[in-house]
Amino acid sequence: MRIQKQNNLYQLTFMPRLFPVNCYLVEEDDGLTLVDAALASSASSILSAARTIGKPITKIVLTHAHSDHIGALDNLKDALPDAEVMLSQIEWDILQNETKMEAGLPVKGGYPKNIKTRPERFLSEGDHVGSLEVIAAPGHTPGMLALFDHRDGALLVGDAFQLRGGIAVSGDLRWQFPFPSWATWNKEISIQSAKKLADLEPTLLAVGHGDLLHEPLTLMKQAILRAEKGAR
């Protein structure tokens, strides 16, 4: 696992050279918020990172429920029974196999079938988790969330954008790393969400796959234009 720190944000990257999978620890005065739960094998490394920082993980927020973003959830909840688990209602319904189609399109990507942890709270646009504002960012999945830290302008977007293989809006294929595109539910809605995220004018972009990107706005807009051109 590789750890990179920027202000209040710690990026934890698993398999950084082969198939980078990121999750994040966001530092608050009284603890840490974990954003996404990476792979099933990631729990011990996430807990070790928190011990190194020296604060407890008190909240777990899932941007969406694909296997590489929720994999370690059960093991983390076993180790952190008081941590509050949060995601969107739509993603929970999909995870429970209650929703296989949304807006007439099949839900794509790997949703694990054996997750036992039940969320304590469902998140919607405008909610807050500590210093993080919840932004609805559907497209890659129907219920995906992004999180904006108003303290420093960091924007955590799940898979709304990727940086591995070149910056791209979810659904805009990059052959060097095609997996986020292959798992995207609705490309047109992805573009709409990407525009909304760019309107926040973030100073730091934190994605599910790829390195941290400083002052990302120009590249985000270029990626949106390319995705729009491809959609036409």
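Counting other Cβ atoms within 10 Å of each Cβ, which trypsin sites (Lys or Arg not before Pro) in region 1-65 have at most 14 and sit in a DSSP loop?
R17
Rounded to two decimals, what is Rg over Rh for region 169-232 when you use alpha-carbon atoms and the Kirkwood radius?
Working: Rg = 11.4 Å, Rh = 12.1 Å.
Radius of gyration relative to Kirkwood radius: 0.94.
Just need the Rg to Rh number for region 20-121, please, alpha carbons only, Kirkwood Rh.
That ratio equals 0.99.
Per-residue accessible area for D78 at 1.4 Å probe radius, Å² rounded to 10?
120 Å²
Give the share of C-alpha pairs in each 10 angstrom bin for the chain, from 0 to the last occupied bin, in whole percents, shortest bins first.
8, 37, 39, 14, 1
Can you give the FRET efficiency to the nearest 0.05 for K195 and W175, using r as the Cβ-Cβ distance and R₀ = 25 Å?
Between K195 and W175 the formula returns 0.55.
Probe radius 1.4 Å, ligands and nucleic acids left out: which of E125, E102, E28 has the largest accessible area, and how do the rest follow?
E125, E102, E28
Quick one: accessible area per residue over region 1-160, 1.4 Å probe, rounded to a whole number of Å²?
41 Å²
Checking the table K5/K221; K187/K229; K100/K196; K5/K195; K55/K116 against a 19 Å threshold on Cα-Cα, which pairs fail?
Exceeds cut-off: K5/K221; K100/K196; K5/K195; K55/K116.
So between R232 and R118, what do we pick up on full extension, going 0.36 nm a residue minus the alpha carbon distance?
37.0 nm
With a 1.4 Å probe and all protein chains left in place, how much of the accessible area of region 180-232 comes from carbon and sulfur atoms, in whole percent? The partial results should precede the final answer.
Details: 1410 of 2750 Å².
With neighbouring chains kept in place, the figure for region 180-232 is 51 percent.
Carbon and sulfur atoms: what percent of the 1.4 Å accessible area of region 1-133 do they account for?
The value for region 1-133 is 48 percent carbon and sulfur by accessible area.
Using Cα-only point scatterers and the Debye equation, what is log10 of I(q)/I(0) for region 114-156 at each q in 0.17, 0.20, 0.22, 0.31 Å⁻¹, rounded to two decimals?
The Cα Debye sum returns log10 ratios of -0.54, -0.70, -0.80, -1.06.
In what order, largest first, do I46, I191 sit by accessible area if the probe radius is 1.4 Å?
Details: I46 0, I191 20 Å².
Accessible-area ranking of I46, I191, largest first: I191, I46.
Could you put L197, L219, L80 in order of accessible surface area, largest first, with the 1.4 Å probe and the full protein assembly present?
L219, L80, L197
Normalising by the residue count of the chain, find the relative contact order in percent from Cα pairs under 8 Å and 6+ residues apart.
Result for the chain is 15 percent.
With the Cα gyration tensor of region 65-194 giving a ≥ b ≥ c as the square roots of its eigenvalues, does the rule (a/c under 1.5 for rounded; else a/b larger than b/c for prolate; else oblate) give rounded, prolate or oblate?
It comes out oblate by the Cα gyration axes.
Treating only the Cβ of Lys, Arg, Asp and Glu as charged (+1, +1, -1, -1), what charge dipole size does the chain show about its Cα centre? Round to the nearest 20 debye.
880 debye
On a full-extension model of 0.36 nm per residue, what is the gain between W182 and R2, subtracting their alpha-carbon distance, rounded to one decimal in nm?
That pair, W182 and R2, stretches by 62.2 nm at full extension.
The values are calculated or read from the model by the stated rules, or taken from the named source; none is laboratory data. Please read these numbers as outputs of a predicted model, since none were measured by experiment. We place every Cβ from the backbone using ideal geometry, glycine too, and count neighbours over all the protein chains shown. Calculation scope for accessible area: heavy atoms of the full protein, side chains included, ligands and nucleic acids excluded. Shrake-Rupley method; radii C 1.70, N 1.55, O 1.52, S 1.80 Å.
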